[in-house]
Amino acid sequence: MSRDPIFRPWMDQLLKLLGAGAAVTGLYVVLMVYFGLSPKTLSAGYMPQQPVPYSHALHVGELGLDCRYCHTTVESAAFAAVPPTQTCINCHEKIAPTSHKLDPVRDSFVSGLPVQWIKVHDLPDYVYFNHSAHVTRGVSCVECHGRIDRMEEVHQVKPLSMGWCLGCHRNPASHLRPVDRVTDLDWGLDRTEEEKAAQGNEIMKGLGLIDESGHPTARLTLLTNCSTCHR
Amino acid sequence: MKKEIGTKPGKALWRSLDEYADSPEFRTLLEKEFPNHAPELFHSTSRRHFLKVMGASMALAGGLAGCHWPQQQILPHTSRPQGRAPGVPVTYASCWEQQEVAEGVLVTSYDGRPIRVDGNGDHPFQNGAATSQIQASVLGLYDPGRSSEPSHDKAGHRVAASWDEAAEMLRAAGRAGKVAVLAAPSSSLALAAMRKRVLRQVPSAQWYEWAPIHRDSERLGTEQLFGRPTRPVADLSRARVLVCLDADPLMNHPASLAHSSAWASLRTSADDDEPLLSRVYSVESTLSVTGSAADVRIPARTADIARIAAQLAAATGVPLPADVASIVAAAEPADQQILQMAADLKSHPGNCLVMAGDRQPGAVHALAHAINIGLGAAGKTLRFAEVERGERPPHIDDLESLANRIRSDEVETLLFLGTNPVYDAPAINESWDDLIAKVPLTIHVGDHEDETARACQWHLNGTHFLEEWGEGRSWDGTITLRQPLIAPLYDGRSCIELLSLLLDDKPKSGHDMVRAVLEPWAGADVDASWRSWLHDGFIPGSSNAVDSAPEMRGGWGAALESAMQAPEGDEIVFLGDHSLFDGRYANNGWLQELPDPITKVTWDNCALIAPSRATEMGVKTGDLIQLSTGGRELEMPAFVLPCMNPRTVAVALGYGRLLSDRAAGRLSRKPSLYQIADGVGFDTYQLRTMEAVRAGYAPVSVSRASGTYELATTQDHNPIRPDDFMGDLEFNEEQRRIGEFARVVETGFAPDAGDVAAQVQEAGPHHPALESLWTEHEYKSHRWAMTIDLNLCTGCSACMVACQSENNIAVVGKDEVAYGREMHWIRVDRYFSGDDIDNPEVVHQPLTCNQCENAPCEQVCPVAATVHNEEGLNDMVYNRCIGTRYCSNNCPYKVRRFNYFNNTKSPSATEQMGYNPAVTIRARGVMEKCTYCVQRINSSKIRAHNERREMVDGDVLPACAQTCPTRAITFGDLADPQSQVSATQKSHRAYKMLAELNVKPRTSYMAKLRNPATGEEG
């Protein structure tokens, strides 16, 4: 060479390094987005602050209130309605009448304005979830909401992503229980996998989801059809 | 009459004259689905505009901050009403009123917001159907352009007022006296009671009534014939021969719902030996909906109908009063068509009916009823019911009396209760603006600050029918109750509450007044009666007394003679618009965008002229023509409509409204952005003189003007021309496709099932046996399917509005409709057939997604956003769709609609209340289509499975099927052999549209039967 080269030799190395760096960065970004923005990361564990520090652990776990005492419409409607202020006042007119934790409840009852609860299990608007369709078929509250009866503050335990829902919709057997045990959150914990599957299959036969020989019916396939949840 | 099969190619179908002529304009529509599509999103190419748009996208992208989506609150009741579950819709009965006649409706309320209005199936005079206007009425409640507070003039400005000030003003006016009220006519008993109180309590009070479209001539006719006004109640289910003289009983009649369902019962074909088909003659000047469904149509001027009625009376030889008989005898001899009509009527005594339209003068109605009585229809197809307030004068006379009183300074206070004479009343020597200016105190009550409100000193905001207590009487007199579904959104007052403010120191509530006026009807337990009436929506057994055989008398011969002396030349007729009626719905987006059943024009009105007239004048659709009548002139775009009488120009009323008017100095207080009625169409009330109102028509001179006007019509959108994609198969002339989409078979009164079946199959294309490339799916559970009976469809388009209401379908506006981007999931294609351009036959075909089992759309979606479900529905998953539009490209029926813009980006707060929460609201870039109302299917199924029972036929009705007045649409489960849809799909008239493509549609059509006159009657 009579003159200095335009690209010095060390630039070859640099180029290889940059290429490797770009590949690693790319992979890193993809993995960050995939894991970081997945519902398991974003949604599971979501625990917003509520206006009233209502403790399910106390009311349901210790005092033994059934879920349906407050969430009255869960067996007949799509929404398991958060109870009206009247339901709280039924007891709290006389119980803990001066506790400051209940100030928003008393204010609501007197003014007629609602208590502004924050939705914890918030599905996108294009998902039409129907509680009654699940609760009346033997899907317990605990399957999706976890051990609410042990939560001081309600938080979301399951990711509630479409993939997670499909896991059950494709194979509901191990998530089903007799309908009268649906609000028993600690029922059947000590069953083995075989027991769960056997019980689940029986229930599925009763619901028409599998036929006598255990083959899936059209009703089971319907559970994974798009319009069942998206309309 | 048997049609020879296979020798003639038959009649091709065409939707417009462009299609018939195969003009180059039509060819472009055929080749490109969106021919006027402007490829650039940015109409301005300035750099600034481009950066603005790009900047907006950047800002949106920045919204990634905060990884969880925005928090949503749950706001429960403080005390939940009994039996109410949040998110579960509740239905209440109410009453909707138009043209002084109430219809029972069922209103669905979702969490306290009414979102749908349907017909009340329990009502004795209705079958649960609803018209397009009833379906769209819910949007009027949420209209952001509604006035939201009282306002009045103060020091030259329009300022808001409180209801206390308004009440004070009203009470003072009531005490001062010389009050004239111009009210909208209503059958409400409570309003009638208030009227009596006003006349009694307020010194020198007068009560007038005005409606631009009314049935006064019908009342007058019966008064002339029987000596007292009565109401003809027709029973079309027994009318084997029906003659409509400029009448439109199936669409433009207060009892159209009852008429449609009764007419439909005589259009089913014989499955047994019992002959069932009726024959409908329509003698009219313009193509009406009844005319489009008629078997025989005779175009004639509105002015000549009187003569034709006389000829009909002479030909049928019915007994007439002496003075009338001599006039009838002196009429010119009838031509062959009239004689045929008369022969048909005579051969069906007691099972025939002649109906005259509301534009015809009283004498024609009288003559029509004389013919009916003479042919034995009284008591069978026709009954005469008592009417309330029979002594009231015709509206046009009331208007004249009021004008005279104003001119002679006898009116101190003028109160408009829901009337709008500045817009819709003919000038009486001076304009209504000037007349109103003469009165010291003028008050307008209504739901918009309309043309009259701006001329008055006070405007008081009224209530929508969904916000008020009230009642009305249906066509047969059944008292129908109205209860509020929601507290008045803007603290408005209903008419009776306003009058109570005028009369009473302690104003009464609407609820108390209605209850008080209905108490005489109650049983021993008034509370129980009241509750049961509110539940049902009507008072059982409250229909008016009926006279089956009233005595005829004469004295109207002179009136008939003068009606028959019509001048020669062109005439103009004024039609109530099929969507906007008299203009009251002008601010309703659904009704503005609803294609007119006959012209398929959206967002405008036009002057309808016949093809031969258009050729004479050298005019085509869109060219401006000038109409001059009675000293007034107006330029309007022409619309060339086959079937029109050549000497008639027809214009629709209700357009050219001005709800926000800056020039007048009295600003409407709502932003003009919300007044979508402004600038739409042409104000044809300007042409409508007193003479035109009285006579039903007026002489007009028509001339070509310069310029054109773009009309957004959907009639040529989505054309399907099979020869283009079936070009490879060989068809010779005889085997060419003949009327295959909408198949029509000509038959007689007694159609033979086998003959009809053969003709229906023959009308379809000849193709080899259908084979699939792959193994077809076996459906083991429900198999949802639909049958549409073309024999019953009148083209009324109520299904289109019902679908729009149920599925949150967006309104796109005139420009986008012109591009072919209207969003209706169900459309009604109107075909003309035959080679006679001036008087072809018409057939309507509603078309939705056919939910094809071998759907071409499903096969090409790159992201599986449209897939097939286990019950045969073609699912559309909005959240997956990325907007390639390949599915729409593949759809042979072109029933998929694409959201080119974010039509629901920023709805006003009240519009948001009106959406149906059960259906996703689609954003930009997403394809949508009919889903057979999958939300209704799912909710019925969930309810059935919750209760561990099976669904039964009739559990699920899509919105279109529910509202169809003739029950043309049947829906159900093919897996249930007993279901109605199984039976109809096996009918000998059933066929599938484009079945030869092997897409296996789930929707079947049933061929239309036409019963033309053969000349063999009598």
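Observations on the structure shown:
- For the stretch B:184-204, the condition of being of a type in the set (S, T, Y), closer than 30 Å to B:H365 by Cβ and outside any loop (DSSP other than H, G, I, E, B) holds for none of the residues.
- Scanning the stretch B:874-909 for residues that are β-branched (V, I, T), within 14 Å of chain A (Cβ to nearest Cβ) and touching a residue at least 40 places away in the same chain (Cβ under 8 Å) turns up just one, B:T904.
- Residue within the stretch B:785-800 that is touching a Lys or Arg at 6+ places or on another chain (Cβ under 6 Å) and either of a type in the set (D, E) or in a strand (DSSP E or B) (or both) present: yes
- Scanning the stretch A:34-49 for residues that are more than 21 Å from A:I148 (Cβ to Cβ) and either touching a residue at least 12 places away in the same chain (Cβ under 8 Å) or more than 11 Å from chain B (Cβ to nearest Cβ) (or both) gives A:Y34, A:F35, A:S38.
- When the residues of the stretch B:947-960 are filtered to those that are surrounded by 15 or more Cβ atoms within 10 Å (Cβ to Cβ) and either modelled with pLDDT under 95 or not in a helix (DSSP H, G or I) (or both), the one that is farthest from the other protein chains (Cβ to nearest Cβ) is B:D953.
Residues are listed down the side, and each one gets a yes or a no for (1) among the hydrophobic types (A, V, I, L, M, F, W, C); (2) in contact with a His (Cβ under 6 Å, 6 or more places away or on another chain); (3) part of a helix (DSSP H, G or I):
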residue: A:F7; (1), (2), (3): yes, no, no
residue: A:L18; (1), (2), (3): yes, no, yes
residue: A:T25; (1), (2), (3): no, no, yes
residue: A:L31; (1), (2), (3): yes, no, yes
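- Checklist (1) hydrophobic (A, V, I, L, M, F, W, C); (2) surrounded by fewer than 21 Cβ atoms within 10 Å (Cβ to Cβ); (3) at positive phi applied to B:C933, failing item: (2)
- Unique residue being assigned to a helix (DSSP H, G or I) and either hydrophobic (A, V, I, L, M, F, W, C) or modelled with pLDDT under 95 (or both) when the list is B:L460, B:L466: B:L466
- All positions within the stretch B:406-423 that are of a type in the set (S, T, N, Q), touching a helix residue (DSSP H, G or I) at 6+ places or on another chain (Cβ under 6 Å) and farther than 16 Å from B:S147 by Cβ: B:T413
- Residue list for the stretch B:322-350, filter: assigned to a loop (DSSP other than H, G, I, E, B) and either closer than 14 Å to B:D304 by Cα or at pLDDT 95 or above (or both): B:A331, B:E332, B:P333, B:A334, B:D335
- Matching entry among B:P321, B:P299 (being surrounded by fewer than 23 Cβ atoms within 10 Å (Cβ to Cβ), in contact with a Cys (Cβ under 7 Å, 6 or more places away or on another chain), of a type outside the set (K, R) and in contact (Cβ under 8 Å) with a residue 24 or more places away in the chain): B:P299
- Qualifying helices (runs of 4 or more DSSP H) (wholly inside the stretch A:81-151; at least 3 residues being more than 14 Å from chain B (Cβ to nearest Cβ)): A:141-145
- Any hit, the stretch A:177-193, residues being closer than 30 Å to B:C930 by Cβ, part of a helix (DSSP H, G or I), within 13 Å of chain B (Cβ to nearest Cβ) and not hydroxyl-bearing (S, T, Y): no
- Within the stretch B:847-858, if we keep just the residues that are in contact with a strand residue (DSSP E or B) (Cβ under 6 Å, 6 or more places away or on another chain) and crowded, with 22+ Cβ neighbours inside 10 Å, the residue that is nearest to A:A218 (Cα to Cα) turns out to be B:Q851.
Residue by residue, here is whether (1) in contact with a Lys or Arg (Cβ under 6 Å, 6 or more places away or on another chain); (2) among the hydrophobic types (A, V, I, L, M, F, W, C); (3) at pLDDT below 95 holds:
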{"position": "B:R238", "(1), (2), (3)": "yes, no, yes"}
{"position": "B:L242", "(1), (2), (3)": "no, yes, no"}
{"position": "B:L245", "(1), (2), (3)": "no, yes, no"}
{"position": "B:D248", "(1), (2), (3)": "no, no, no"}
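- Flag if A:R177 is in contact (Cβ under 8 Å) with a residue 24 or more places away in the chain, surrounded by fewer than 19 Cβ atoms within 10 Å (Cβ to Cβ) and not small (G, A, S): no
- When residues of the stretch A:30-50 are limited to those that are farther than 13 Å from A:Q156 by Cβ and among the hydroxyl-bearing types (S, T, Y), the one surrounded by the most Cβ atoms within 10 Å (Cβ to Cβ): A:S38
- Residue match in the stretch A:204-222 (condition: outside any loop (DSSP other than H, G, I, E, B), in contact with a strand residue (DSSP E or B) (Cβ under 7 Å, 6 or more places away or on another chain) and of a type in the set (S, T, Y)): no
- Residue check for B:E746: away from every other protein chain (no Cβ under 14 Å) and in contact with a strand residue (DSSP E or B) (Cβ under 6 Å, 6 or more places away or on another chain): yes
- Scanning the stretch B:859-873 for residues being at the interface with chain A (Cβ under 9 Å from one of its Cβ atoms) and crowded, with 16+ Cβ neighbours inside 10 Å gives a total of 8.
- Which listed residue is at pLDDT 85 or above, surrounded by 17 or more Cβ atoms within 10 Å (Cβ to Cβ), among the hydrophobic types (A, V, I, L, M, F, W, C) and touching a strand residue (DSSP E or B) at 6+ places or on another chain (Cβ under 6 Å), from B:V801, B:V817: B:V817
- Matching residues, the stretch B:769-794, being under 29 Å from B:Q962 (Cα atoms), more than 14 Å from every other protein chain (Cβ to nearest Cβ) and of a type outside the set (V, I, T): B:A785, B:M786, B:D789, B:L790, B:N791, B:L792, B:C793
- Residues of the stretch B:962-977 that turn out to be under 17 Å from B:R1002 (Cα atoms) and surrounded by fewer than 24 Cβ atoms within 10 Å (Cβ to Cβ), as a count: 4
- Residue in the stretch A:201-213 that is under 29 Å from A:D125 (Cβ atoms), modelled with pLDDT under 95 and under 22 Å from the mean Cα position of the chain (by Cα) present: no
- A:A77 falls short on exactly one of the conditions (1) within 27 Å of A:R231 (Cα to Cα); (2) more than 9 Å from chain B (Cβ to nearest Cβ); (3) touching a Ser or Thr at 6+ places or on another chain (Cβ under 8 Å), and that condition is (2).
- Flag for B:D434 being within 30 Å of B:N588 (Cα to Cα), assigned to a helix (DSSP H, G or I) and touching a strand residue (DSSP E or B) at 6+ places or on another chain (Cβ under 7 Å): no
The values are calculated or read from the model by the stated rules, or taken from the named source; none is laboratory data. Computed from a prediction, not measured in an experiment: that's the story for all the values here. FYI the Cβ positions are ideal-geometry reconstructions off the backbone, even for glycines, and counts take in every protein chain you see.
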